[in-house]
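J.: What follows is a structure written as structure tokens; I'll ask about it next.
The values are calculated or read from the model by the stated rules, or taken from the named source; none is laboratory data. This is a predicted model, so every value here is computed, not measured. With ideal geometry, Cβ positions are generated from the backbone for all residues, glycine too; neighbour counts draw on all protein chains shown. The area values use the complete protein model at the heavy-atom level, side chains included, leaving out ligands, DNA and RNA. Shrake-Rupley method; radii C 1.70, N 1.55, O 1.52, S 1.80 Å.
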Amino acid sequence: GNVLLDADNVYWTTHLAVKKQGKAGGVAQLLANTPASSGATLSGDYLYWVHDGVVERVTKEGQKREQLVSSAPFTQGVAADATTVYFATSGGQVMRAALDTRKPYIVALDQHNPYVAASDAAFVYWIEVVASGARIQRFAK
């Protein structure tokens, strides 16, 4: 699972669900039932996660669950910004999909076990597992 934070809440994924709870404690809130997640991230008002070749998002309040991409090979890791979601596949691809069209495009090929990890204003970063360990790769947005 994944654990994520914003100013007020802790969010996490399990093999069955996406949940949140206030940082001060209280009762956990179910945001979505879902198969095992292989990556999650927060961006704006949404929590994004990937599983079984699918990229999904739900608002931080548990409203408006949406499937963004459903035809990618097994997805690994996810990052998002205001306009685009980024993810990696078990086929060695790093991909992006605009939030408005949801059409996936390949941005890097022939990566060895890529796992999209983060993005900032200029780049998307992923981990590539290689014989000597792991290395960080990036591409300009």
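J.: What are the residues in segment 38-57 that are charged (D, E, K, R) and under 21 Å from GLY91 (Cα atoms), if any?
T.: ASP52, GLU56
J.: Which one of these is among the charged types (D, E, K, R) and modelled with pLDDT under 95: ASP8, ASP81, ASP45, ASP52?
T.: ASP52
J.: What number of residues in segment 24-42 are among the hydrophobic types (A, V, I, L, M, F, W, C), closer than 15 Å to THR14 by Cβ and open to solvent by 20 Å² or more (accessible area, probe 1.4 Å)?
T.: 3
J.: Among the numbered criteria (1) modelled with pLDDT under 95; (2) out of contact with any Phe, Trp or Tyr (no Cβ under 6 Å at 6 or more places or on another chain); (3) on the phi < 0 side of the Ramachandran plot, which single criterion is violated by GLY92?
T.: Status for GLY92: all satisfied but (3).
J.: Right, here's the next one. Would you tally the residues in segment 114-141 being open to solvent by less than 50 Å² (accessible area, probe 1.4 Å) and among the acidic types (Asp, Glu)?
T.: Number satisfying all stated conditions: 1.
J.: OK, next. Looking at segment 57-67, can you tell me whether even one residue there is at pLDDT 95 or above, under 12 Å from the mean Cα position of the chain (by Cα) and under 19 Å from TRP12 (Cβ atoms)?
T.: Yes; the residues of segment 57-67 include at least one that is at pLDDT 95 or above, under 12 Å from the mean Cα position of the chain (by Cα) and under 19 Å from TRP12 (Cβ atoms).
J.: Right, next: Kindly indicate which of VAL69, VAL10, VAL54 is touching a Lys or Arg at 6+ places or on another chain (Cβ under 7 Å), in contact (Cβ under 8 Å) with a residue 12 or more places away in the chain and open to solvent by 10 Å² or more (accessible area, probe 1.4 Å).
T.: Of VAL69, VAL10, VAL54, the one residue that is touching a Lys or Arg at 6+ places or on another chain (Cβ under 7 Å), in contact (Cβ under 8 Å) with a residue 12 or more places away in the chain and open to solvent by 10 Å² or more (accessible area, probe 1.4 Å) is VAL10.
J.: Pairs please, first residue from segment 116-140 and in contact (Cβ under 8 Å) with a residue 60 or more places away in the chain, second anywhere and of a type in the set (Val, Ile, Thr), Cβ atoms under 7 Å, 6+ apart in sequence or on different chains.
T.: VAL116/VAL78; VAL116/VAL94; VAL116/VAL124
For every residue, the table says whether it meets (1) without any contact (Cβ under 8 Å) to a residue 60 or more places away in the chain; (2) under 27 Å from ALA140 (Cα atoms); (3) open to solvent by less than 80 Å² (accessible area, probe 1.4 Å).
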residue: THR14; (1), (2), (3): yes, no, yes
residue: GLY44; (1), (2), (3): yes, yes, yes
residue: GLY62; (1), (2), (3): yes, no, yes
residue: PHE74; (1), (2), (3): yes, yes, no
residue: THR84; (1), (2), (3): yes, yes, yes
residue: PHE87; (1), (2), (3): yes, yes, yes
residue: ALA97; (1), (2), (3): yes, yes, yes
residue: HIS112; (1), (2), (3): yes, yes, no
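J.: I would also like to ask the following. Could you check segment 1-28 and list, in sequence order, the residues that are closer than 17 Å to ALA117 by Cα and of a type in the set (Gly, Ala, Ser)?
T.: GLY1
J.: Can you name the number of the only condition in (1) under 19 Å from TYR125 (Cβ atoms); (2) in contact with a Gly (Cβ under 8 Å, 6 or more places away or on another chain); (3) of a type outside the set (D, E, K, R) that THR84 fails?
T.: Of everything listed in (1) under 19 Å from TYR125 (Cβ atoms); (2) in contact with a Gly (Cβ under 8 Å, 6 or more places away or on another chain); (3) of a type outside the set (D, E, K, R), THR84 misses just condition (2).
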